[in-house]
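Asker: Have a look at this one.
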Amino acid sequence: MLQVKETVSNTLCFHCGDSLPEQPLQLDQHEFCCLGCLGVYKLLSSHNLADYYVYNDVPGQTQRSEKFHFDYLNEPEIAGKLVDYTDQNITIITLYIPVIHCSSCIWLLESLGKINSDILSSRVDFLKKQVSITFKNTLSLKDVVELLANIGYEPSISLQDVVKGQRTEKADRKLIGKIAVAGFCFGNTMLLSFPEYFGLSGVEAEFRNFFGYLNLAFSIPVVFYSGRDYFSSAWHNLRNGILNLDFPLALGILVMFMRSIAEILTQTGAGFVDTLCGLVFFLLIGKWMQQHTYHHLSFERDYRSYFPVAVTVLENDREKPVSLEQLNKGDRILIRSNEIIPADSILLKGSAQVDFSFVTGESLPVEKVLGEIVYAGGRQLGGAIELEVLKPVSQSYLTKLWNNETFSIEKDTIGTFSGKASKYFSIVLLLIAAVSAAYWLFFDSSKALPAFSAVLIIACPCALALSSPFTLAAVLSIFDKNKFYLKNTSVVEELARIDAVVFDKTGTISNPEAAGFAFEGAISVEQCQLVNDLARNSGHPLSRELVKWLNLPAKFAVDQYREMVGRGLMGSVNGHGVKIGSRSFLGLPAGNTDGGSQVHVVIDDMYLGNFQFRQKWRPSLAAVVSKLQKSASLYLLSGDQEHDRQSLSIFFSDAGQMHFKQSPQEKLDFIKKLQHTGKKTLMFGDGLNDAGALKQSDLGIAVTDDINNFSPGCEAILDGASFGKIPAFIRQAKDAVKVIHMSFAISLVYNIVGLSFAVQGLLSPLVAAVLMPASTVTIILFTSVAARLYARKNQLL
Amino acid sequence: MIFLLIGISILLALIFLVAFFWASKSGQHDDTYTPSIRILFDDEIKNTDEN
């Protein structure tokens, strides 16, 4: 074990695990790739925190991108919105730290007090990647955040943090409380009911009333606390003229409760208290299954979770942090390296290389020249730039999308199968109850009321109510194993109904990681090496991509290096004069330049050809398209120019299927138009510019290659690696609906058996006590087994 | 006698129910993963004597 560790530390940075440069930095016999990593190590070891490196090998994050700017945290207005609690002495804040990934992270973050004794306590929630810090007010919020950044744990502070909501958690806790009460009462009433079912001997008979009253006492919290939601929901829906499954459930609970009171108080029977408690208990468990949540994923994100809280405004040459809402037209802002441009603005100073990957999915940064408009949402990669704001944040090209009414309406989720079926079920149930009551009124009026109530009790659709949640929860966990994460269970049924699929292009059907170059002309490996060594010196995005793609080690040093920003590079490498760049830089005649970016190469005054930057489609695209075509119409929406039309026509044969140069708003409108023709649309997108279309579509799925990264608001998140499984996911969703139908049939059989007792007025508490759990267990077993069998058939397990 | 025994057993069960509510309210069920790692950390800083 020790041996292994030794070899690892010899080739990789001790802190972050990146490969070491030729002359690594050394301290305490450990080697580091950069000053940043070394600095973190120094800080930790000087505070006796070197244990950080014991729990895991190379636990740190690379520290190469330096410099943090947290001045805005000193603005009381901004800080006040971020903290959870503050008084004269202490402040508590919860921060989201995306890089938390191992036990060392937890250990270090919970030992913050050893670095600065003014930090009183810190606690990590690993799954949510949050740390909650309590500190004395002798420290400022900025100090705390800077400390975190210095040890490599820079928190992500965004506008959405300001409006942090924890309501769902509270609702979840309430439901668990209700389940606990129902379970507690269920267990106790079952124990108290057994003697009655097994027959009481003469001596024990005197306890019958005592047991009965106890049972009744247990049923009260179950009906009025645990089961309350069913009554309010049934009442609410009834007033709106909707008959949903909650109506027969509430009716069943109510009738069971009434009849139990009557039987126990008049000492004519034992009542149905244990069945009642069991029913509510199982129903609530079904509800809980439906509320499954992913802690590490957020489906509600919009631009606010991605934009910073504040931006630096230059006022009379003085820097001042200003929160985004207060940013006005005409303000001059300073954007440093790796900061987001928060509003549409004009470039005034500096060279802008803007990465729009979060907006469009395009992996290659875009270069902007002075005086050009830069749209909001891009990340500056080069040095600091200065811009003049053209529009306030909420009115920018990208962000004004969120002012669209689509974002203010909740999606309509009624229309699930169980919703429709329960309407007929309720009507039939009431009919049977009324008919049997009428029949007995005619023949033996003493049996009319028992028969009527027995029908309502036995037909209480517990198994019916559980078949959907258990099937869908099983499907959810199957999808989860295949890296397809759904927001909630109703998405499965939505997925089964899809008949139109819309794809975004960049980042969705193209693979941002696998972008590559093709060389037109002839070039040898030695010449590639020369190009590689020259391009290494440039920060231009194309040079960086080229170096990454060539994947060669640095070999020769470059003399007489010159770079014309945005045009090309030249230098002398190993005695050869090498020039790479645009046609005009190399003095070549203007030629055909369509098909994206080109890098031309001249070595020793000989033109060799050019590297063409190409996006690669996801390898499974062809298979996905050909399979989906059979059941749905396919469309492609892209914000880009048309230069990919040719290569995409293999997949989308009809010209009307592809739409280029679409603005975010046009994408949204396109989906709307499709929906007006009656199509159930599924949208695949990845960037902020798809957010409108994702929201408008019946089902929006965000495709991402790193699920911890940003993804726009959607109903489901798909890991790019599982892109090829999309047809299987849709088939599984359709099969899930089939399973629900089948389990409905099974639970109806149970209902019919029970009803045959009930209409004859023969229903005893024992029959109910056996039938109810038996049907419930059957349904739970059937749905989870069937869903998994189908998953195997669809090759998802 | 039996009334007393049943009374005690229900009281005991109630205590557990209340304990569960208290635990839930104080947030013990909010994060069920991190404590499983936290318990593996050593209390004292141990100097790595490996070299």
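The values are calculated or read from the model by the stated rules, or taken from the named source; none is laboratory data. Given the structure is predicted, the values throughout are model-derived calculations rather than measurements. Note that we place each Cβ from the backbone using ideal geometry, even for glycine, and neighbour counts take in every protein chain shown.
Asker: Restricting the search to segment A:74-101, which residues are among the acidic types (Asp, Glu) and in a loop (DSSP other than H, G, I, E, B)?
Answerer: So the first thing to find is which residues in segment A:74-101 are among the acidic types (Asp, Glu), and the list is A:75, A:77, A:84, A:87.
Selection gives A:Glu75, A:Asp84, A:Asp87.
Asker: Follow-up question, since we're still on this one. Does segment A:276-285 contain at least one residue that is without any contact (Cβ under 8 Å) to a residue 12 or more places away in the chain, in a helix (DSSP H, G or I) and either of a type in the set (A, V, I, L, M, F, W, C) or closer than 17 Å to A:Lys423 by Cα (or both)? Steps first, answer last, please.
Answerer: Residues of segment A:276-285 without any contact (Cβ under 8 Å) to a residue 12 or more places away in the chain: none.
There is no residue in segment A:276-285 that is without any contact (Cβ under 8 Å) to a residue 12 or more places away in the chain, in a helix (DSSP H, G or I) and either of a type in the set (A, V, I, L, M, F, W, C) or closer than 17 Å to A:Lys423 by Cα (or both).
Asker: If you take the residues in segment A:530-569 that are touching a Ser or Thr at 6+ places or on another chain (Cβ under 9 Å) and among the basic types (Lys, Arg), which one is farthest from A:Ser582 (Cα to Cα)?
Answerer: A:Arg536
Asker: Next question, about the same structure. Could you count how many residues in segment A:102-124 are touching a residue at least 24 places away in the same chain (Cβ under 8 Å) and either within 13 Å of chain B (Cβ to nearest Cβ) or not in a strand (DSSP E or B) (or both)? I'd like the intermediate steps shown before the answer.
Answerer: Taking segment A:102-124 first, the residues touching a residue at least 24 places away in the same chain (Cβ under 8 Å) are A:102-105, A:107-109, A:111-112, A:114-116, A:119-120, A:124.
From what's left, either within 13 Å of chain B (Cβ to nearest Cβ) or not in a strand (DSSP E or B) (or both): A:102-105, A:107-109, A:111-112, A:114-116, A:124.
Total meeting the criteria: 13.
Asker: With the condition being under 30 Å from A:Ser408 (Cβ atoms), I'd like the helices (runs of 4 or more DSSP H) fully within segment A:640-756 carrying at least 1 qualifying residues. Give the derivation first.
Answerer: Values: elements: A:645-648, A:664-676, A:691-696.
Qualifying helices (runs of 4 or more DSSP H): A:664-676, A:691-696.
Asker: Does segment A:726-743 include one or more residues that are more than 30 Å from A:Ser260 (Cα to Cα), crowded, with 16+ Cβ neighbours inside 10 Å and either acidic (Asp, Glu) or in contact with a strand residue (DSSP E or B) (Cβ under 7 Å, 6 or more places away or on another chain) (or both)?
Answerer: Taking every residue of segment A:726-743 in turn, at least one turns out to be more than 30 Å from A:Ser260 (Cα to Cα), crowded, with 16+ Cβ neighbours inside 10 Å and either acidic (Asp, Glu) or in contact with a strand residue (DSSP E or B) (Cβ under 7 Å, 6 or more places away or on another chain) (or both).
Asker: Moving to a separate point now. Kindly indicate whether any position in segment A:543-555 is loosely packed, with under 14 Cβ neighbours inside 10 Å, out of contact with any strand residue (DSSP E or B) (no Cβ under 8 Å at 6 or more places or on another chain) and among the charged types (D, E, K, R).
Answerer: yes
Asker: Scan A:Ser117, A:Ser111 and give me the residue that is among the small types (Gly, Ala, Ser) and surrounded by fewer than 19 Cβ atoms within 10 Å (Cβ to Cβ).
Answerer: Values: A:Ser111 fails: surrounded by fewer than 19 Cβ atoms within 10 Å (Cβ to Cβ).
The conditions single out A:Ser117.
Asker: Another question, then. What's the number of the condition A:Ser45 fails, among (1) surrounded by 15 or more Cβ atoms within 10 Å (Cβ to Cβ); (2) within 21 Å of A:Pro155 (Cβ to Cβ); (3) among the polar types (S, T, N, Q)?
Answerer: Against the list (1) surrounded by 15 or more Cβ atoms within 10 Å (Cβ to Cβ); (2) within 21 Å of A:Pro155 (Cβ to Cβ); (3) among the polar types (S, T, N, Q), A:Ser45 comes up short only on (2).
Yes or no, residue by residue, for (1) more than 23 Å from A:Asp317 (Cβ to Cβ); (2) surrounded by fewer than 21 Cβ atoms within 10 Å (Cβ to Cβ); (3) outside the structural domain of A:Lys320 (by TED's automatic domain parsing):
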| residue | (1), (2), (3) |
| --- | --- |
| A:Arg332 | no, yes, no |
| A:Lys349 | no, yes, no |
| A:Leu364 | yes, yes, no |
| A:Ala384 | no, yes, no |
| A:Val389 | no, no, no |
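Asker: Residues that are surrounded by fewer than 22 Cβ atoms within 10 Å (Cβ to Cβ), without any contact (Cβ under 8 Å) to a residue 60 or more places away in the chain, touching a Ser or Thr at 6+ places or on another chain (Cβ under 6 Å) and over 30 Å from A:Ser219 (Cα atoms): does segment A:322-330 have at least one?
Answerer: No, segment A:322-330 contains no residue that is surrounded by fewer than 22 Cβ atoms within 10 Å (Cβ to Cβ), without any contact (Cβ under 8 Å) to a residue 60 or more places away in the chain, touching a Ser or Thr at 6+ places or on another chain (Cβ under 6 Å) and over 30 Å from A:Ser219 (Cα atoms).
Asker: Between residues in segment A:482-498 that are in contact (Cβ under 8 Å) with a residue 12 or more places away in the chain and residues that are hydroxyl-bearing (Ser, Thr, Tyr), which pairs lie under 7 Å by C-beta distance while being six or more apart or on different chains?
Answerer: Filtered contacts from segment A:482-498: A:Asn482/A:Ser722; A:Lys483/A:Ser722; A:Phe484/A:Ser722; A:Tyr485/A:Tyr294; A:Ser490/A:Thr413; A:Ser490/A:Thr416; A:Glu493/A:Thr416.
Asker: Right, something else. Looking for something within 14 Å of chain B (Cβ to nearest Cβ) and of a type in the set (D, E, K, R) - is there at least one such residue anywhere in segment A:63-83?
Answerer: no
Asker: Out of curiosity, is B:Asp42 within 8 Å of another protein chain (Cβ to nearest Cβ), modelled with pLDDT under 80 and exposed (fewer than 11 other Cβ atoms within 10 Å of the Cβ)? Working first, answer last.
Answerer: On the way: within 8 Å of another protein chain (Cβ to nearest Cβ): yes; modelled with pLDDT under 80: yes; exposed (fewer than 11 other Cβ atoms within 10 Å of the Cβ): yes.
Taking the combined requirement at face value, the residue satisfies it.
Asker: Additional query: Here is a check on your reading of the model: is B:Leu12 at the interface with another protein chain (Cβ under 10 Å from one of its Cβ atoms) and either in a helix (DSSP H, G or I) or modelled with pLDDT under 85 (or both)? Please lay out each step first, then the result.
Answerer: Numbers: at the interface with another protein chain (Cβ under 10 Å from one of its Cβ atoms): no; either in a helix (DSSP H, G or I) or modelled with pLDDT under 85 (or both): yes.
No: the conditions fail for B:Leu12.
Asker: Could you tell me which of the residues A:Ile253, A:Ile242, A:Ile261 is surrounded by 13 or more Cβ atoms within 10 Å (Cβ to Cβ), modelled with pLDDT of 90 or more and more than 17 Å from A:Met772 (Cβ to Cβ)?
Answerer: Numbers: A:Ile253 fails: more than 17 Å from A:Met772 (Cβ to Cβ); A:Ile242 fails: modelled with pLDDT of 90 or more.
None of the other options fit; the residue is A:Ile261.
Asker: Take segment A:338-382 and flag every residue that is among the charged types (D, E, K, R) and either outside any strand (DSSP E or B) or closer than 18 Å to A:Arg544 by Cβ (or both). Working first, answer last.
Answerer: Quick first cut of segment A:338-382, residues among the charged types (D, E, K, R) only: A:339, A:344, A:349, A:355, A:362, A:367-368, A:372, A:379.
Passing the criteria: A:Glu339, A:Asp344, A:Asp355, A:Glu362, A:Glu367, A:Lys368, A:Glu372, A:Arg379.
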